[in-house]
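Engineer: I am attaching a structure below and will ask some questions about it afterwards.
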């Protein structure tokens, strides 16, 4: 895992098309702004895990 330090309003660039910016720091919370192409899915970890559980438990379409 790559660990980087950033201050408010500083950015991290991922590839050629994704930018993360530290928008605000309040106590123990950091607000991030993310710019990415519309075809890139972005989820909080708990939402992503819920989506994966849903997909895993859905019955497969049989043909």
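The values are calculated or read from the model by the stated rules, or taken from the named source; none is laboratory data. The structure displayed is predicted, hence computed values, not measured ones. Here the Cβ is made from the backbone with ideal geometry for all residues, glycine too, and neighbour counts use every protein chain on show.
Engineer: Tell me the residue from 30, 23 that is without any contact (Cβ under 8 Å) to a residue 12 or more places away in the chain, surrounded by 11 or more Cβ atoms within 10 Å (Cβ to Cβ) and either in a strand (DSSP E or B) or touching a strand residue (DSSP E or B) at 6+ places or on another chain (Cβ under 7 Å) (or both), please. So that I can check it myself, show each step before the final result.
Structural biologist: Details: 23 fails: without any contact (Cβ under 8 Å) to a residue 12 or more places away in the chain.
After applying the criteria, what remains is 30.
Engineer: Given 47, 40, 3, which one is assigned to a helix (DSSP H, G or I) and either at pLDDT 95 or above or in contact with a strand residue (DSSP E or B) (Cβ under 9 Å, 6 or more places away or on another chain) (or both)? Give the derivation first.
Structural biologist: On the way: 40 fails: assigned to a helix (DSSP H, G or I); 3 fails: assigned to a helix (DSSP H, G or I).
Going through 47, 40, 3 in turn, the sole match is 47.
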